[in-house]
Each structure stands twice: as C-alpha cells, then as structure tokens.
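Before any comments, here is the structure.
Here, each number is a calculation from the coordinates, and none is a lab measurement. Bear in mind that the values here come from a model prediction, so they are computed numbers and not experimental data. FYI the Cβ positions are ideal-geometry reconstructions off the backbone, even for glycines, and counts take in every protein chain you see.
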Amino acid sequence: MMGTVAVDGEVRRLEDLRLQDFLQSFFFGAGFFETFLVTGGAPLFLERHLARLRSSLAVHADCVRAPPPEVLTATAVRESLRQCLEADAGLGPRFTGVGKLVAGDGHLLLSFRPLPAEHERTVREGRVLDEREERGYRRGDPLLTHKSLSYLRQYAHLGRGTVFLNEARELCEAPNGNLFLLMEDAVVTPPREAPCLPGIIRAVLLEAGRLGDWPVVERSVGLEHLEGVRGCVLTNSVSLALAVPRLLGRELSASSELAGLARAVVEASARREG
C-alpha cells in the first residue's frame, strides 16, 4: 500500500491512521471493501463500485456502521482521489494502479497500491486454475455475495489457481474473480446463489448479453459439465478479463479468443461510463 490515503475525504498519511478509528473492521471484519482500476488518474466503474458498497452496507446496517452518505458519492470519492494523487509525488495526477475503498466503523478509507508485478504478463498469458476447494462454500451463503473484510478463505488461496466449489460440486468462483465458461450453446457464469460475488465486470458482461456469437447467461455448472467447456475467462476489476488456458486439468483452446472478446466489451463499457 502506498503512503497517501484519504479518510472521509481528508488526505492523510498511512502511518498517521489510528487503530481506534477502525476497531470493528480490524477485530471483527465488520466492513466491506471495493478494489478498482485507476488508469491515468481515472477510476474505472466507480459508480458501480459505490452502488455495490452502499448495497452491502444497507443489508448489514445492524452490524456495520456506515460512513456518512455524503462521502459515499462518486463526486466525493473522485475529489478525494484527485487530492491524494496531487499530494503524493509517488502517485501523481496520471497514476495508474489500484484503488481500494474500505467502509466500516463509520469511515471510508481510500488507499492505493501499484499494479501487481506480474500484471502485464498475466493479462498476456492468462491464469491457470488447476486446484479445487470444496469445503468452504455452501449454496445460498449470503455473506459470500458481499465483499466483506472477512476475506480469509479467499485470501488464503490467492495465487494458487483455485476454483471454489459448493457442496453440490458446482463451480462458484475463483478467490479473485468470477468465471465465464464457453459451453456449446452459451457463455455461462455461475449464479449469485452458487454463491459468488456479484462482480462489477461480471455485471457488465451480463448486461452486454453476448460475447461474439454466444449469449451470456447465468447457469449452474457442475464438475460433470466440464467436458463441454471449450474456453474460460476469469474477470475482476483490476485485470478485467483473463484467459484461463487450463481449467481443473483440461486444456481450453478457446480461452484467449473469449478473453479478447470480453475485454473489448468491458473497455467499451468503461469508455461509455466515463
């Protein structure tokens, strides 16, 4: 994490933050976060991220104290972001990297970090997902449809190429993104109740409705359906769309083409939304 942050719109130094301002978030994971791509100083899909954040806070209003509404607007966050970038020469007005919003304890924390060292290579080559984890996900689990600070089960699998399955041995998601699978008749993504996070890029692709010649639909995908998968894409708000050249031991020849189609749709949507 870089040294300049903002708390409720006020530019601060990371080392000056006080633990007592974030006790419930720190000790109990009672909060939510959003991670988004910043390109040339501009945050991608900020309004969508804030809408998801406000939705999670509303659902859990009895146990997570939300920041003031005025700091949860796109205008306020853009202004905080601008001030942070201007205040820190290591960031600068044309910063490209990752922004993160954390909401909890009545505060909104905005922080920044550089893109992962392997970002460009991963975008170019994709990511293999060859491990599966079947013990932690249960169909309909409501917490897993929110980006909670209680993130250990996902964090423990980052970088391991894991796919989470539920008790019915249906695909749910990866630790850091949603899955889109090219089947015979459609590009299929697991439904929210699988469970999976309702990802921002996932929503963009579902709204688009098509990738090339294929409709994009929500549908359960069990392990028994993998023989019919020809391509796979992993989506998240930083990498946007990554090819999955191998999924649970199966080589997928159409993943690169599918990822290219997905990325084009996402980038076009980002331009329209500003």
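Observations
- Enclosed volume per residue, in Å³, of the convex hull spanned by Cα atoms of segment 100-173: 113
- Shape summary of segment 119-273, radius of gyration then Dmax from alpha carbon positions: 14.1, 40 Å.
- Paired Rg and Dmax values of segment 216-274, which use every Cα atom, in angstrom: 12.9, 41
- Each of Ser80, Ser150 was scored by other Cβ atoms within 10 Å of its Cβ. Arranged with the fewest first, they read Ser150, Ser80.
- On the beta carbon distance between Asp185 and Glu70, with R0 = 41 Å, the FRET formula returns roughly 0.30.
- If the chain linking Ala117 and Glu251 were pulled fully straight, counting 0.36 nm for each residue of separation and taking away their Cα-Cα distance, it would gain 45.7 nm.
- Calculated FRET value between Glu10 and Glu193, using beta carbons and R₀ = 35 Å, to 0.05: 0.35
- Pairs of alpha carbons in segment 83-141 whose separation is greater than 17 Å (percent): 65
- Taken over the Cα atoms of the chain, the convex hull encloses 121 Å³ per residue.
- Annotation for segment 67-125 versus segment 182-246: alpha-carbon center distance of 27 Å.
- Under the Karplus curve 6.51 cos²θ - 1.76 cosθ + 1.60, θ = phi - 60°, whole-Hz ³J(HN,Hα) for segment 52-59, x wherever Gly or Pro sits: 5, 4, 5, 5, 4, 4, 5, 5
- Note that segment 32-41 has calculated 3J(HN,Hα) couplings of 9, 9, 9, 10, 9, 7, 10, 10, x, x Hz, one per residue in order, obtained from phi through the Karplus relation 6.51 cos²θ - 1.76 cosθ + 1.60 (θ = phi - 60°); glycine and proline are x.
- Under 5 Å between amide hydrogens, built in the peptide plane, is the criterion, and for Leu211 it picks out Val216 among residues at least 5 positions away or on other chains.
- Here segment 13-115 is described by how far its Cα atoms reach on the three principal axes: 39, 30, 23 Å, from widest to narrowest.
- FRET efficiency, Arg124 to Ala61 (Cβ-Cβ, R0 51 Å, nearest 0.05): 0.75
- Here the translational diffusion coefficient of segment 10-73 follows from Stokes-Einstein with Rh set to the Kirkwood radius across Cα pairs; for 20 °C and 1.002 mPa s it amounts to 158 µm²/s.
- Acute angle (nearest 10 degrees) that the helix 255-273 long axis makes with the longest principal axis of the chain, alpha-carbon atoms: 40
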